[in-house]
Amino acid sequence: MTTDWISLPLVALPLVSSIAILAFVAYASPAARERMGPSVRMATLIFSLLMLALTTAMFFGIEFIGGTSDWASLSFGSFNYEFRYVWIESLGIHWSVGMDALSFPMVWLTTFLLPVTIVATWNEKNAAVYFPLVLMMGGALIGVFVALDLFMFYVFWELTLIPMFFLILKWGGYDRKYASQKFFIYTFAASVIMLLGLVTVYFLQPEDLSYAGAWTGRTFDIPTLTAHAQVANANGAWFLGESLQKILFVMLMIGFLVKLPSVPFHTWLPDAHVQAPTGGSMLLAGVMLKMGAYGMFRLPLAFFPHAAEHFQFWLLALGMVSLVWGAIVCLGQTNLKKMVAYSSVSHMGVILIGIATMQPLGWAAALFMMFAHGIISPMLFAVCGAFKHHYHSMEIGAMRGMAKHSPWLATSMMFGWMASLGLPLLAGFVAELMMFLALWHFIAAEGWSVLWMVGPALVLALTAAYYLWSMQRTIFEGGEETQPPESLKGQPVPDISDAEKLAMVIMAAFTILFGVMPWIALDMMNGWTVAFFETLLIPILTGGA
Amino acid sequence: MEQIEPFADGFVLALAPEFVLVIGLFTLMIVPNMGDAKFRIPLTQIRVPWLLGGKRGKLDSDPRLPGLFATVFFTIAFGLTALSFVNGMIKTQIVTANGTTMLQIDEFSRMFELIFFGALALASAASVNRLPATSRADRSLNGLYNNRRQVDFYILLITTGLGMAVVALAQDLFMLFIGLELASFSTYVLVSFMKESKEGTEAGMKYFIVGSVASGVGLYGLSLLYLWSGSLQFTDLSIAFAENGMEALPLIALGMLLVGFGFKVSAAPFHFAAPDAYAGATAPVAGVLATASKAMGVLGLLRLLLVVASPEATDGSAVWLVALGVLSVITMTWGNLAALGSTNPKRMLAYSSVAHAGYMLAAITAIGALNWEDGHVDMSNDAALVVVTALIFHLTVLVCFKLGAFLVLSLLESENGGHTLESLGGLAKRDPFLAVAMFIFMMSLAGVPPLSGFVSKLLVIMGIVKVALLDVTVNSDLVFADIHWVWYLALLMVINSAISVFYYLRVGLVMYFHEPEEGREGALPKGAPVRFAIIACLITTIYFGVGAGQLIALCESAANALVGAW
């Protein structure tokens, strides 16, 4: 029995069900919409749990589903659950999906975060519209990760903007109008430049590749293009010629660097995060940012490794600046959520540095960072959301002595902060350690100055500083005469709700799991990066030139 | 190719959709005038029922009747046009006895007729409840005119449709011009039809003056062309151009004709009347201006630039290449920057339509970049085919979302809104369906996947890039400078569409974020025909995005009919 279609419901189920629910809800009166809320919420939770069950089954490999569960030894360029269906024949556009060890962790992460997000924001207002939007967001994100067709990739890439735009606009903070607009325009502007680059690549390929359009004779198929680029890049030759490869590399990277985001394109992120509702922030930080890093691996690095080597210094510099700048800005923040948002910028710098080292270890570090940050940062935002929800304020100094009033929230915050600053035995530590090793290795091999290590080393201290300092000001300070926030107006200080507790515990458990046993995910990532390196970079190096 | 003389066997059948419109024209003239009038035979007392005039019945004086009639006739014409595609198009030429080809029926002309009739059918459906009808109880003089005004409106819509159909079919510059003027004059009146409002009158006046000046310049160019070649047949002209098209006279004539069509597509710097005209006209009429009328201008440009002054007439690239390229850049940038600052949604849509004209001009420019016959024989015309297909696709789906946006504004206009962005405020609460529809139309205009606007923009970009890369051989010595400069037009286009997101998004923000204006809290007027038209626009906007394959194939066959004829 062929079960390649099994990845179809991963995309179709959330999209179709959420659009159906939204269309149904749109015709209801406000009162009826209010009544529908709980059942819609339960339905989305069930859908997302079904998806999680499916991806988990894919991981462990259950006979019924087929495919291989041996993700680590999936050779480069082959995909699990590959499925193609002609979409627009004349242009060679296919509905083609498949997963390899690069995309599968991200898909699993998305399906993991969906139910967690739904549980963590269980009491969000206007539930009948909110939860379908979250589900739709999940579907679009999975679509990006499983797409093996450039057209489809771009469609889902842009589709993620729409639910997020509405999540920020309808459930966001006081300045949500500005933030949602800025978020949309930044990422849209960057991705149309990427689109032009993709179209240019499309027409520069030879005409006899497989899955080509009946009319243009060209293909949008990513594996086919990758295989072709790999041949053309071998032995020191440049796929598409040197100058063009550089320009196209930059055009594609603009799209991904803005999404990641890297300094100097990062300014949309703090605005979007601060204004976004908790659920929006969790998905935004957890998965949406990783689309940028994922896209870099999938397209520019695979197509244009020569150009990537050429721009290696600039990528490293951008990563370094993001890392340091993000951390420095964090120190000055008084808004809890903004601090966490800038810490995301800093962590994305780690990913960029890992990519820029151009070696398997650094890439594996980047991939594991994507995964680890995808579990930790939603927890940070869930903490911020709970803080805001219960104390009606986001200022770091507003609430003191939280350990006494709200032990659950204080514990969650402490755990999240520790995980994010890279405490050993938690998931973030593994990624940071690998990045350090890769960077050391790279600097030593290239004979670069040791001063390059100053930035990351400094950031270790800075990260610890801003997290510990903010913890000191919120959790501990105040001692016996603790200070409940003024915004509570004298009401008793609440702790987080049971649903929030559950979400925190789940996220904390997985942070520990992947910190203690990183090989669960790291093995397949490692296998993939080594294969990627051997297939794409070794032929280049051996060719001399 | 079949050839038929006018009014010979098969003539009416070949032109069935157009004749349906003629029948519609007469029906609209006769039916609303039917009454109980009797005709007395002279010198006798016998009165024969004559039916025309007298006291009219309840049904034929209904103010909604003309609109429904016009909608039905446009729909039949649309259906017949679509039907002609079904078992392969029978290509037919209407040739006079002395051998002058007047009209030609092929996939290209029929495809454009689909655009025209579709847009006009939607616009007339949307106008059914729009014109103020005097109440039945009103015994004043106005009562006599209870549906006379509506009749005038729809007669003008039908003549617009007929004129556009002639433009689509014409094989002779003179025929083309007659059709163009028939359509133009009807739209001049349609723009100023709301004579109660000052804006409408002013808009009509401006549109008329600028338009007739543009037509006059075009006509002068036409006469120069006739002076030069002695014929206005497209085939004769293209042969003459291929021989000695670089003389001064035909180039001047070409430039003047460009002015005429440039006005129709509202390309800068001939676009100044457009925002006023769109803002003053009722929204459905403005929608027709932005879709069908624009398609007519593009059609004229394609005929003129690709058939008459085709790129192979000259060596290397077409003579008009640089001029049109510059024009397209100015047009798209100007349109977008002006749209950023406009607070009237109809003006905003007008400027966005100017920007879209720029994208289309960029695509036409790309076709002129290479001489298709010189060294590109083996890839024949397939790059030009992609561009023309993209253009036709763009014009077709424009009817879905641009007209759709105007129709939403039309519903707001019936409660005196629609002139300020703020009147859209709170639409999400007042009417969630309309707000969703408007948001989807805006996203489609901006080119967000998976809507049809994205596919059309992608196709245009693909066409331009394909042309730009046609001359390069892919090997490792390829340098960026080898790429033809029309590639930069694609770059400017994507930058411009990034700018445009700002003002399209603003509409969404106002609908979902702002509170309704005072006095606009309640539900919107019902208007079943408009809502039906909006639903049709919405479904096609989404369908042609997700399932673009069939429409692309259709547009490709249309483009083939034009490009293959080279």
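The values are calculated or read from the model by the stated rules, or taken from the named source; none is laboratory data. Note that this is a predicted model, so its numbers are computed, not measured. Every residue, glycine as well, gets a Cβ built from its backbone with ideal geometry; the counts of neighbours run over all protein chains shown. Just so you know, the surface numbers come from the protein's heavy atoms only, side chains and all, with ligands and any DNA or RNA stripped out. Shrake-Rupley method; radii C 1.70, N 1.55, O 1.52, S 1.80 Å.
Out of A:L141, A:L114, A:L133, report the one residue that is open to solvent by 10 Å² or more (accessible area, probe 1.4 Å), within 21 Å of A:L22 (Cα to Cα) and touching a residue at least 12 places away in the same chain (Cβ under 8 Å).
After ruling out the rest, the residue left standing is A:L133.
Filter segment B:262-288 down to residues that are part of a loop (DSSP other than H, G, I, E, B), closer than 20 Å to B:L411 by Cα and open to solvent by 10 Å² or more (accessible area, probe 1.4 Å), then give me how many there are.
Number of matching residues: 1.
When you go through B:C555, B:C537 one by one, which is the residue that is surrounded by 16 or more Cβ atoms within 10 Å (Cβ to Cβ), in contact (Cβ under 8 Å) with a residue 12 or more places away in the chain and away from chain A (no Cβ under 13 Å)?
Step by step, each of B:C555, B:C537 is checked, and only B:C537 is surrounded by 16 or more Cβ atoms within 10 Å (Cβ to Cβ), in contact (Cβ under 8 Å) with a residue 12 or more places away in the chain and away from chain A (no Cβ under 13 Å).
Only one of A:V345, A:V340 is of a type in the set (V, I, T), buried (at least 24 other Cβ atoms within 10 Å of the Cβ) and in contact with a Pro (Cβ under 8 Å, 6 or more places away or on another chain); which?
One residue alone meets the criteria, A:V345.
Give me the pairs, please: first residue somewhere in segment B:429-452 and away from chain A (no Cβ under 11 Å) and touching a residue at least 12 places away in the same chain (Cβ under 8 Å), second residue anywhere and open to solvent by 10 Å² or more (accessible area, probe 1.4 Å) and of a type in the set (F, W, Y), beta-carbon distance under 9 Å, and either six or more positions apart or on two chains.
Listed by first residue and then by second, the contacts come to B:S452/B:Y543; B:S452/B:F544.
In segment B:248-261, how many residues are crowded, with 19+ Cβ neighbours inside 10 Å and under 27 Å from the mean Cα position of the chain (by Cα)?
8
Would you check which residues across segment B:89-106 are open to solvent by less than 40 Å² (accessible area, probe 1.4 Å) and assigned to a loop (DSSP other than H, G, I, E, B) and list them?
B:M89, B:T96, B:D106, listed by residue number.
Go over the candidates A:T267, A:T226 one by one and state the one that is open to solvent by 10 Å² or more (accessible area, probe 1.4 Å), more than 21 Å from B:L478 (Cα to Cα) and more than 14 Å from chain B (Cβ to nearest Cβ).
Among A:T267, A:T226, only A:T267 is open to solvent by 10 Å² or more (accessible area, probe 1.4 Å), more than 21 Å from B:L478 (Cα to Cα) and more than 14 Å from chain B (Cβ to nearest Cβ).
B:T291 - would you say it is assigned to a helix (DSSP H, G or I), farther than 22 Å from B:S215 by Cβ, among the hydroxyl-bearing types (S, T, Y) and modelled with pLDDT of 85 or more?
no
Taking segment B:477-494, which residues are over 24 Å from the mean Cα position of the chain (by Cα) and either facing another protein chain (nearest Cβ under 8 Å) or of a type in the set (D, E) (or both)?
B:D477, B:L478, B:V479, B:F480, B:A481, B:D482, B:I483, B:W487, B:L491
Can we say B:I461 is in a helix (DSSP H, G or I), surrounded by fewer than 19 Cβ atoms within 10 Å (Cβ to Cβ) and at the interface with another protein chain (Cβ under 9 Å from one of its Cβ atoms)?
So B:I461 fails the test.
Mind checking which residues of segment A:171-180 are in contact with a Phe, Trp or Tyr (Cβ under 7 Å, 6 or more places away or on another chain) and either more than 8 Å from chain B (Cβ to nearest Cβ) or open to solvent by less than 10 Å² (accessible area, probe 1.4 Å) (or both)?
Of everything in segment A:171-180, those that are in contact with a Phe, Trp or Tyr (Cβ under 7 Å, 6 or more places away or on another chain) and either more than 8 Å from chain B (Cβ to nearest Cβ) or open to solvent by less than 10 Å² (accessible area, probe 1.4 Å) (or both) turn out to be A:W171, A:S180.
How about segment B:495-518: which of its residues are of a type outside the set (A, V, I, L, M, F, W, C) and either farther than 30 Å from A:M194 by Cα or away from chain A (no Cβ under 11 Å) (or both)?
Selection gives B:H514, B:E515, B:P516, B:E517, B:E518.
What residue, of A:I185, A:I168, is among the aliphatic types (A, V, I, L, M), open to solvent by 10 Å² or more (accessible area, probe 1.4 Å) and within 12 Å of chain B (Cβ to nearest Cβ)?
Criteria check complete, one pass: A:I185.
Which members of segment A:195-211 meet the condition of being within 9 Å of chain B (Cβ to nearest Cβ) and either touching a strand residue (DSSP E or B) at 6+ places or on another chain (Cβ under 6 Å) or closer than 30 Å to A:V274 by Cα (or both)?
A:L195
Looking at this structure, is A:W215 outside any helix (DSSP H, G or I), facing chain B (nearest Cβ under 10 Å), in contact with a helix residue (DSSP H, G or I) (Cβ under 8 Å, 6 or more places away or on another chain) and more than 27 Å from A:R84 (Cα to Cα)?
Against the criterion (outside any helix (DSSP H, G or I), facing chain B (nearest Cβ under 10 Å), in contact with a helix residue (DSSP H, G or I) (Cβ under 8 Å, 6 or more places away or on another chain) and more than 27 Å from A:R84 (Cα to Cα)), A:W215 does not qualify.
Would you be able to say whether some residue in segment B:519-532 is within 11 Å of chain A (Cβ to nearest Cβ), surrounded by fewer than 20 Cβ atoms within 10 Å (Cβ to Cβ) and more than 23 Å from the chain's Cα centre (by Cα)?
There is no residue in segment B:519-532 that is within 11 Å of chain A (Cβ to nearest Cβ), surrounded by fewer than 20 Cβ atoms within 10 Å (Cβ to Cβ) and more than 23 Å from the chain's Cα centre (by Cα).
Could you name every one of the helices (runs of 4 or more DSSP H) located completely within segment A:453-545 that has at least 1 residues being at pLDDT 90 or above?
Hits in segment A:453-545: A:454-471, A:498-516, A:519-532.
Check segment B:233-250 and report whether any residue there is assigned to a loop (DSSP other than H, G, I, E, B), at pLDDT below 90 and of a type in the set (A, V, I, L, M).
Looking for residues that are assigned to a loop (DSSP other than H, G, I, E, B), at pLDDT below 90 and of a type in the set (A, V, I, L, M), one finds at least one in segment B:233-250, hence yes.
Which of the numbered conditions does A:A101 fail, given that it passes all the others? Conditions: (1) open to solvent by less than 30 Å² (accessible area, probe 1.4 Å); (2) modelled with pLDDT of 90 or more; (3) part of a loop (DSSP other than H, G, I, E, B).
Only one criterion in (1) open to solvent by less than 30 Å² (accessible area, probe 1.4 Å); (2) modelled with pLDDT of 90 or more; (3) part of a loop (DSSP other than H, G, I, E, B) is unmet by A:A101, namely (2).
Would you check if there is a residue in segment B:381-404 being surrounded by fewer than 21 Cβ atoms within 10 Å (Cβ to Cβ), at pLDDT below 85 and assigned to a helix (DSSP H, G or I)?
The answer is yes; a qualifying residue exists.
Residues being in a helix (DSSP H, G or I), at the interface with chain B (Cβ under 10 Å from one of its Cβ atoms) and not basic (K, R): count how many of those fall in segment A:236-254.
Residues flagged as in a helix (DSSP H, G or I), at the interface with chain B (Cβ under 10 Å from one of its Cβ atoms) and not basic (K, R) within segment A:236-254 amount to 8.
I'm trying to understand the selection: among the residues of segment A:78-94, which are closer than 19 Å to A:G66 by Cβ and either at the interface with another protein chain (Cβ under 8 Å from one of its Cβ atoms) or not charged (D, E, K, R) (or both)?
Within segment A:78-94, A:S78, A:F79, A:N80, A:Y81, A:F83, A:Y85 qualify.
Of the residues that make up segment B:52-60, is at least one assigned to a loop (DSSP other than H, G, I, E, B), surrounded by 13 or more Cβ atoms within 10 Å (Cβ to Cβ), touching a Gly at 6+ places or on another chain (Cβ under 7 Å) and without any contact (Cβ under 8 Å) to a residue 40 or more places away in the chain?
For segment B:52-60, residues assigned to a loop (DSSP other than H, G, I, E, B), surrounded by 13 or more Cβ atoms within 10 Å (Cβ to Cβ), touching a Gly at 6+ places or on another chain (Cβ under 7 Å) and without any contact (Cβ under 8 Å) to a residue 40 or more places away in the chain: present.
Find all pairs meeting these conditions: Cβ atoms under 8 angstrom apart; at least six residues apart or on different chains; first residue within segment B:490-514 and under 27 Å from A:T200 (Cβ atoms) and open to solvent by 10 Å² or more (accessible area, probe 1.4 Å); second residue hydroxyl-bearing (S, T, Y) and part of a helix (DSSP H, G or I).
Cβ pairs passing all conditions: B:L492/B:T333.
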